[in-house]
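Scroll down for the structure; my scribbles are underneath it.
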Amino acid sequence: MAKLLKKSKVYCVIGGPGAGKGTTGKKLASECGLTHFSTGELLRKEIQGETETGQKVKAAVDRGELVPTPTVIQLLKENMIKEAATSKGFIIDGYPRDVAQCTLFEKEIAPIIKVIHLKATDDTMKARSLERAATEGRSDDTEEVIAARIATHNMNLKPITEYCTKKKKLVEIDAEAEPEEVFSQCKIAIEKKK
Ligand code: AP5
């Protein structure tokens, strides 16, 4: 485990494309005094910067597939270490996508206190992603790649949620609700001791 980080409070937000991970994660960070990281954003920054990591992960991101876990862990670790001295805790959106990501994070970085799952239907995920595509122009927000990202999410969801339930970490939130309600339910989950 990274020495600087092992006592950090870590909360994770998972869910499919457009479920609201970024929207909710950012707000939780500012309202709860946590440091926010999005694994998708960290990867996009590497791609835009044309770094060695960016060049390696671009093809997988463009296809809507998962990037290899060691690459994502390395990016998280580097960025979390930079904030460790001043951070009161972390909210990480888009991680863990599968059981191996969860166990590796806890081995190499820190224990995860809660994994909040934002539950939305495939239709909602698709509609929100397409709507965002019209304004933000993310390269993986094409109809084809959105469908691939939804399929990747659905394929991995059951094992990770079952694992987190077994470990008493999972909190399920209805992400079909208005953003303010989703945020408020997540905040309650974070503030609840158990
Ligand atoms: P990532 O960036 O995480 O993409 P994603 O999982 O497809 O999720 P999105 O960012 O599209 O959605 P979001 O849930 O954050 O929704 P948002 O709040 O933006 O990952 C991109 C790629 O990177 C992956 O495909 C993979 O290749 C790679 N990757 C990332 N993490 C990885 C990992 N751990 N391991 C391996 N590879 C990884 O909201 C979307 C829109 O909906 C916005 O317009 C928003 O305003 C709106 N909205 C949000 N909530 C609501 C609401 N409650 N009601 C109405 N509208 C809402």
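The values are calculated or read from the model by the stated rules, or taken from the named source; none is laboratory data. These numbers were taken from a predicted model, which means no experiment stands behind them. Neighbour counts are summed over all protein chains in view; Cβ atoms, including those assigned to glycine, are modelled from backbone coordinates with ideal geometry.
Here is how the numbers come out for the structure above:
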read-out: Complete set of residues in segment 39-81 that are more than 10 Å from the ligand (Cβ to nearest atom), surrounded by fewer than 17 Cβ atoms within 10 Å (Cβ to Cβ) and within 26 Å of Ala147 (Cβ to Cβ); value: Lys45, Gln48, Gly54, Gln55, Lys56
read-out: Set Lys187, Lys114: member being touching a residue at least 60 places away in the same chain (Cβ under 8 Å), among the basic types (Lys, Arg), under 16 Å from Gly94 (Cβ atoms) and away from the ligand (no atom under 12 Å from the Cβ); value: Lys114
read-out: In segment 158-184, the residues that are free of Cβ contacts under 8 Å to residues at least 24 places away in the same chain and assigned to a helix (DSSP H, G or I); value: Lys158, Glu162, Thr165, Lys166, Glu180, Glu181, Ser184
read-out: Residue within segment 97-116 that is in contact with a Lys or Arg (Cβ under 6 Å, 6 or more places away or on another chain) and not in a loop (DSSP other than H, G, I, E, B) present; value: yes
read-out: Odd one out for Asp141 among (1) free of Cβ contacts under 8 Å to residues at least 40 places away in the same chain; (2) near the ligand (Cβ under 9 Å from one of its atoms); (3) farther than 17 Å from Gly22 by Cβ; (4) not β-branched (Val, Ile, Thr); value: (3)
read-out: So Ala177, is it modelled with pLDDT of 95 or more, hydrophobic (A, V, I, L, M, F, W, C), more than 15 Å from the chain's Cα centre (by Cα) and more than 19 Å from Thr24 (Cα to Cα); value: no
read-out: Failed criterion for Asp123 (all others in (1) within 13 Å of the ligand (Cβ to nearest atom); (2) exposed (fewer than 14 other Cβ atoms within 10 Å of the Cβ); (3) under 22 Å from Lys27 (Cα atoms); (4) modelled with pLDDT of 95 or more hold); value: (3)
read-out: Members of segment 37-75 that are part of a helix (DSSP H, G or I), without any contact (Cβ under 8 Å) to a residue 60 or more places away in the chain and of a type in the set (Asp, Glu); value: Glu41, Glu46, Glu52
read-out: Any hit, segment 154-161, residues being in contact with a Cys (Cβ under 6 Å, 6 or more places away or on another chain) and more than 11 Å from the ligand (Cβ to nearest atom); value: no
read-out: Flag for Ala134 being more than 8 Å from the ligand (Cβ to nearest atom) and part of a helix (DSSP H, G or I); value: yes
